[in-house]
Every structure is written in C-alpha cells, then in structure tokens.
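Remarks on the structure that follows.
The values are calculated or read from the model by the stated rules, or taken from the named source; none is laboratory data. Since this is a predicted model, take the numbers as computed values, not measurements. A quick note on method: Cβ atoms are made from the backbone with ideal geometry, for glycine too, and the neighbour counts reach across all protein chains shown. SASA here: full protein model, heavy atoms, side chains in, ligands and nucleic acids out. Shrake-Rupley method; radii C 1.70, N 1.55, O 1.52, S 1.80 Å.
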Amino acid sequence: MRRLIQLVLPIVLFILGITTSFAQVAGDYRSAGSGNWDALSTWERYNGTTWATPTTEGWPGQFTGTGAINLQVGHTVTISNIGITTLPMGTLTVSGTLYLMGTSSNATDFNINTQLVIVTPNLAPEANIYFWNKSNLRLPANGSMYVVTGGLTGKNCSNQQRIFFGSLQFYACTGGGGECGTFKNLTDNGGNPLLALTSGVGTNNL
C-alpha cells in the first residue's frame with residue numbers, strides 16, 4: 001500500500017490574485033501574435049526606444065540578454081514537440097496561452113530558464129499553460145511560479161505531464177485516478193498536493 005505525504009514547497013506559490021505591471025526595458029519581449037516560440041515573427045523586442053521584430057537578437061532565451069517576456073492576452077505561443085532549452089531570461093508572464101506540445105510516446109522537456117513564471121489570473125479567457133500529451137515543464141531549482149485554478153490545463157493527461165524545479169519533480173498530472181491527481185487539485189489545495197511516494201529512498205522523484 002502506498003504511503004501518501006503532503007509536500008509543501010515555498011518556491012511554488014499558488015495565489016488568489018496578483019497585480020502585474022510591465023515596465024519597458026531594453027531586451028524585453030512581448031508576443032506580437034500567435035505563433036511558435038522559436039519564430040522571430042511571433043515576437044517584438046524593446047530596443048530601449050521602440051518595439052520591433054527581433055533579428056540578430058533571436059527569440060526569447062535564444063541568446064544572452066533576454067529581459068522580461070510578456071505573452072499577451074489572446075495570443076497562443078507554441079513550443080513544439082522537439083522541446084526547448086533557453087538561456088537565462090527575465091520574468092515570463094503568460095496572459096494568453098503557452099502551449100507545450102509534447103508527444104504521445106516519449107516525454108518532451110521544456111526547459112524555461114527563468115526565476116519567475118506568472119500566469120495572470122482573472123482574465124477572460126483564462127491565461128494558462130497548456131500541456132499536450134507527455135510534457136515536462138522544467139524550471140530552475142530556485143525558480144517560482146504564480147498560478148491559480150485554470151492556469152494549468154492539458155489534454156491526454158498522463159503521469160508524464162510534470163512540473164520540475166531543478167531535479168525535483170514537484171507535480172505530475174494524471175488522468176485516471178493516478179498518483180498525483182489533476183492540475184486543478186494542485187491549485188485547489190493551495191499548491192500543496194498529496195503525492196504518492198513512487199521512488200526509492202534518496203531519489204529526487206516523488
């Protein structure tokens with residue numbers, strides 16, 4: 001019989017409301033429309049004076065110097081099933097949809113190197129990070145995420161729709177009464193999921 005534990009992580013903050021302001025600093029990015037994360041046409045970059053489509057600066061996180069990223073209301077930015085690994089970036093604010101397109105066979109890693117992810121609450125339609133099939137969202141070990149109910153969604157939920165902070169698997173979304181419940185359970189419980197221990201002593205996976 002599996003033993004259940006309650007996991008409390010201070011680096012994950014599931015909150016009821018936040019206020020976000022967007023200062024414009026050279027190197028900041030905002031979505032120009034829906035499209036792929038690694039397509040320059042999806043983005044505008046602030047050069048210190050105006051917003052313009054990036055050229056040699058690359059897409060957010062492709063090169064050093066990326067500031068804050070604002071995925072704007074009504075826009076869907078997709079990271080395809082090849083995954084992604086970014087260089088360090090500023091805060092990622094999702095006010096539209098960040099679509100993580102994993103595969104149905106092997107889990108796809110989406111390594112977003114930011115200290116803070118904010119999924120803006122109280123919008124219509126709801127802002128969200130959408131997990132398709134087997135998708136791993138990987139954030140730095142000392143990163144933080146601000147999200148409320150409805151901010152984490154997905155299709156074909158499996159035990160490989162997971163959120164990692166460093167090597168620690170914080171949460172896995174399961175579709176059929178599995179080990180960790182749903183992303184809704186996570187936010188409903190204030191970020192403190194009940195997790196079943198499934199790995200050996202001394203390992204980082206839950």
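Of all residues in segment 44-83, those satisfying the criterion of being under 20 Å from L116 (Cα atoms), of a type outside the set (S, T, N, Q) and either open to solvent by less than 20 Å² (accessible area, probe 1.4 Å) or in contact with a His (Cβ under 9 Å, 6 or more places away or on another chain) (or both) are P60, G61, G67, I69, L71, V77, I79, G83. Residues of segment 131-152 that are of a type in the set (S, T, Y) and surrounded by fewer than 17 Cβ atoms within 10 Å (Cβ to Cβ): T149 alone.
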